[in-house]
Structure formats: structure tokens, C-alpha cells
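Below is one structure; the comments refer to it alone.
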Amino acid sequence: MVSFIIGWTGVLCMKKVGRRAFWTTCSLVGRGKSSTIRRYQRGSVLIELSLVASFFFLLFFTIVDLSVYNHVKLTMQNAVREGARYAVTGRADLDPEGNGNREAAVTTMISNASNGYLGKVMNEHEGIRVEDIDGNPLSGFGASGEIIAIHLDCEWASFSPLVYPFVDGGKYSFTVSTAMKNESF
């Protein structure tokens, strides 16, 4: 006894040998149905592949997009932490102009620690906020013994269409912060 199943994967036959039955691929050549089946299946593999591949690549690039976003966010968090560690010492030796400007020196430290992402996620001199323990804005990076909090408001563009409905204007908006107490200087 032979049964046939015609489906998405082709033609399967159930062959019964004694008490055992098993499914195997079979050909309908010589049975009159071969040309009809092959006509309906022509191109179906290509269509199936295109549907599955497009879904796979969409999912894959969404995962890559979220991974890159997390990498950028963690890198910027580390940059703010390194900038705050430098700021609490009261040093200003990293000032690019050599004038002893502490704000420029801390911004340079943050830029160096960000692996080049600072210029991509924000304008280097906008978005850096320094506050005291009560949330009041500070000029500079605070006085000796004062607790400061440094915040960076950042944006990173998404390239995955699955993420667009969840982010504003196709960009991830995030803030990275750290708080430390200034040393005596």
C-alpha cells in the first residue's frame, strides 16, 4: 500500500513493508500526476526561501542594531565615569589649549574615553550637564569636597525598521550619568 502527501516540501510517500510503515520521498513518474505536481511546485522553493530569508535578515539586523546601541550606551557610560574620576581630582592638565581650563580638560577626558562616539552621539559642548546633590546646575565641575553628578544626553540613530515604532524619530535617546565627591584640591 502506498499513500501520497503533496505539500510544501514536495511529495512524500508512505510505504508499508510488512508491519512497518515509513515515509520517504518518491517520484510520481509513470503514474500520470508527475507533470501536474511539478507544474504547481515550480518556483515554490524560491518563494519560500525569499520569505524565510527576509524574515531572518530583518530579525538578524534588529539584533545587531540593539547590540550596537548597547555597546554605544555602555561606552558612553564608561566615558562619563572616567570624566568624573578625572574631574574630582581638580586637575586641568588635559586642556587642549593649555590654559588650565578644567571644563575643557574634563570634556577632553570624556571624549578620549568615548572611543570617538562622543562626537557621533552629541555635540561635544552641548548636552553635558553638571549638577550638585540637590539637582541644581553647577558652573564648572564644583568646588573641593562637593558632590557632583555629570549627565550626558545622547542620541544614536537606529537602522532597523522593527525598532522605529519604539523610538522617537528613528533615534535612541538615552542619558548616562555618574556621581562622585570632589577631592580636596
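Relative contact order of segment 51-185, please, whole-number percent, based on alpha carbon pairs below 8 angstrom and at least 6 residues apart.
Relative contact order of segment 51-185: 27 percent.
Please list, in order along segment 62-70, the HN-Hα scalar couplings obtained from phi with the Karplus expression 6.51 cos²θ - 1.76 cosθ + 1.60 (θ = phi - 60°), rounded to whole Hz, x for Gly and Pro.
Values, residue by residue: 5, 5, 4, 4, 5, 5, 5, 4, 5 Hz.
Please give the net charge around GLU131, taking every other residue with its beta carbon less than 13 angstrom from that of GLU131, where Lys and Arg add +1 and Asp and Glu add -1. All intermediate terms of the calculation are to be shown ahead of the outcome.
Working: positive: ARG129; negative: ASP132, ASP134, GLU146, ASP153.
Around GLU131, the surrounding residues sum to -3.
Which stretch or stretches of segment 101-122 have amide N atoms under 18 Å from the point lying 7 Å from LEU74's Cα along the Cα→Cβ direction?
113-118
Once fully extended, how much extra length lies between GLU183 and ASP168, figured as 0.36 nm per residue of separation less the alpha-carbon to alpha-carbon distance? Write out the running numbers ahead of the final one.
Working: separation 15, 0.36 × 15 = 5.40 nm, distance 3.94 nm.
Working it through step by step, the gained length comes to 1.5 nm.
Can you tell me, using C-alpha contacts under 8 Å and at least 6 residues apart, the relative contact order of segment 123-185 as a whole percent?
Contact order relative to length: 34 percent.
Throughout, read-outs are computed from the coordinates displayed, never taken from laboratory work. Computed from a prediction, not measured in an experiment: that's the story for all the values here. All Cβ positions, even for glycine, are placed from backbone atoms using ideal geometry, and neighbour counts span all protein chains on display.
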